[in-house]
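Working notes for the structure below.
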Amino acid sequence: MSPLTFRASNGIVVTICQVKGEQVATSGPVPATRIAWPYESTALRLAVEATTDAGPLVISDNLIDLPDDLRLDLEAAIVELADLLSVRHQCRRVVRSPIPCIAVSASEEGELTLIASAHGIRAPLRSRPRAVLLPEQWPDLALCSAVEDRADGVALLADALSEDGPVGQLHHFFRVFERAFRSGPGGCVDPLLAFLKTGPVDLGWTNGEVSDWFTRLRPEATHADRREIFTRSADAEPFLGRLEYAAYDVVLNKRVWRARDSERRDVVALAAGLDDDRETLRLQRPDTTVVMPWVDPFGLFAIDFNFDVKVGPPAVSAMPGYTSDSPGVYKTRVQIQNDFEGTGEKYYYEVTTHHLRSSGEKAVGVKGGPTKRPTPRKQRRKKRR
């Protein structure tokens, strides 16, 4: 039986390579009827592959450079197939990346030598670090009493954190702001910006950023009527870190709830905030917990350790600095500035995760210090898995 294929709207062909967990159904009252149990734990898992011709092979420093635009097309095609399957089967869909998640192979004889000379594919090592914002002993009695007058704000913030997808989280964060300042989106910009700028640490809040949240990001995440552009998960993800910090700050430290003023109280100092580069975590306490998500090196899909992908020569899939020669190992990097030290120095921490496939356990190792940030460079025939 030949593999099933799907041609996405951008022309990319996605091939379904493997299917696991087919639905088990019982017989219905008549032969044409099937009865199935909608347990969320019953998952249908597809291994898919999207392929495109990336043009001339580009190698620098012995690493193959991948153009972002073509990779984004491959990712969009895979997501489009997932969307279609979700609608077809009335189910939730989750897209994940295996290790390795991308490979480059030769389409012409002359490229074999070039590919063989490369040490691997350049990995940008993008991550989405988050900090645990509140101290471990929270909620204590004092803090509980401090939010008695804003149970609605706590509920909306909990709704945001309970959403699986970035767009849903985005939607609820905006509801937090609108509730707090008793204003529609247009009336939130000035008081929210004034409030954030009075915080204990300068995270580079600007009118341009906060205005963009309410005049572009919120409408694109909420509406899909007359505009050509609407927000999907990959579009919303980069904004979540700073929106989450702002929502926590407003719920906990805004003095007068449900009012347009920007007066601040000092109930709790949040442990860390994401700087305006959306990459640097600004730590305010030495005991801060930094949460590193298991995401692919392009910062888009979560890692799936349960699919083994075998890529042999002449294709190249190694990503030095992200994968190692040992199976089940991947790396990511986080940039941290320790404000409590007062030096303003930035550190780059490399986080290595060893996934023990036999037990399903994960062991994490961290090393770091002041290092020089590598310059990510942005590829021939390429596969996104």
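A compact table of results
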{"quantity": "Cα-projected label distance for S162 with T215, points at 7 Å along beta-carbon direction, nm", "calculated": "3.5"}
{"quantity": "Cβ-derived FRET efficiency at R0 30 Å, K197 paired with D149, nearest 0.05", "calculated": "0.80"}
{"quantity": "Contour excess over end-to-end distance, with Cα ends at K20 and R126 and 0.36 nm allotted per residue", "calculated": "35.2 nm"}
{"quantity": "Segment A302-L72, length gained on full extension (0.36 nm per residue, minus Cα span)", "calculated": "81.2 nm"}
{"quantity": "Förster radius 22 Å - calculated FRET efficiency between S117 and K310 (Cβ-Cβ, nearest 0.05)", "calculated": "0.50"}
{"quantity": "Label-point separation, T289 to F340 (7 Å along Cα→Cβ), nm", "calculated": "1.5"}
{"quantity": "DSSP-assigned coil residues among GluC sites (Glu not before Pro) in segment 198-245, each with at most 12 further Cβ atoms within 10 Å", "calculated": "E228"}
{"quantity": "Efficiency of FRET between N62 and V87 - r from beta-carbon atoms, R0 30 angstrom, step 0.05", "calculated": "0.10"}
{"quantity": "Diffusion coefficient, µm² s⁻¹, Stokes-Einstein with Kirkwood Rh over alpha-carbon pairs of segment 135-271 at 10 °C and 1.306 mPa s", "calculated": "103"}
{"quantity": "Net lengthening on full extension, E228/L141 (0.36 nm per residue, minus Cα-Cα)", "calculated": "26.4 nm"}
{"quantity": "Charge sum, other residues only, whose C-beta stays under 15 Å from T206's C-beta, Lys/Arg counted +1 and Asp/Glu -1", "calculated": "-3"}
{"quantity": "Segment 155-216: chymotrypsin sites (Phe, Trp or Tyr not before Pro) in DSSP coil with no more than 15 other Cβ atoms inside 10 Å", "calculated": "none"}
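Only the coordinates and a few stated rules stand behind these numbers; no lab work does. None of these values were measured; they are calculated from a predicted model. Ideal geometry is used to build each Cβ from the backbone, glycine not excepted, and the neighbour counts take in all protein chains shown.
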